[in-house]
């Protein structure tokens, strides 16, 4: 999967979101940042995933709620 990436739902006032994006950047893990405050569609997508807080990660078909490096890395490696 040449264009694989993680989708992360974030908001500006979320310290774990910033930490996660920094970690993924430093780990050379490509990601798409979907800021729920800038785009109503992203907020609705987050709600549809059953989440009430950020960050939320989509790694392939897996949804990971909260910043858990081990879970994110394992899901990434499994893609």
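Could you identify the single residue in 58, 46 that is in a helix (DSSP H, G or I) and touching a strand residue (DSSP E or B) at 6+ places or on another chain (Cβ under 8 Å)?
Answer to the check: 46.
Can you give me the number of residues within the range 17-37 that are in contact with a strand residue (DSSP E or B) (Cβ under 9 Å, 6 or more places away or on another chain) and either part of a strand (DSSP E or B) or surrounded by 13 or more Cβ atoms within 10 Å (Cβ to Cβ) (or both)?
Final tally of qualifying residues: 13.
For the range 7-16, which positions are over 20 Å from residue 60 (Cα atoms) and either assigned to a strand (DSSP E or B) or touching a strand residue (DSSP E or B) at 6+ places or on another chain (Cβ under 8 Å) (or both)?
Hits for the range 7-16 are 11, 12.
Tell me the residue from 4, 71, 41 that is surrounded by 11 or more Cβ atoms within 10 Å (Cβ to Cβ) and assigned to a helix (DSSP H, G or I), please.
From the options 4, 71, 41, the qualifying one is 71.
Which number in (1) farther than 18 Å from residue 79 by Cβ; (2) surrounded by fewer than 19 Cβ atoms within 10 Å (Cβ to Cβ) marks the one condition that residue 54 misses?
Of (1) farther than 18 Å from residue 79 by Cβ; (2) surrounded by fewer than 19 Cβ atoms within 10 Å (Cβ to Cβ), only one is false for residue 54: (2).
Values quoted throughout were computed directly from the atomic coordinates according to the rules given, and no laboratory measurement underlies them. A quick note: this is a predicted structure, and the numbers were derived from the prediction, not measured. Every residue, glycine among them, receives a Cβ derived from its backbone with ideal geometry; neighbour counts consider all protein chains shown.
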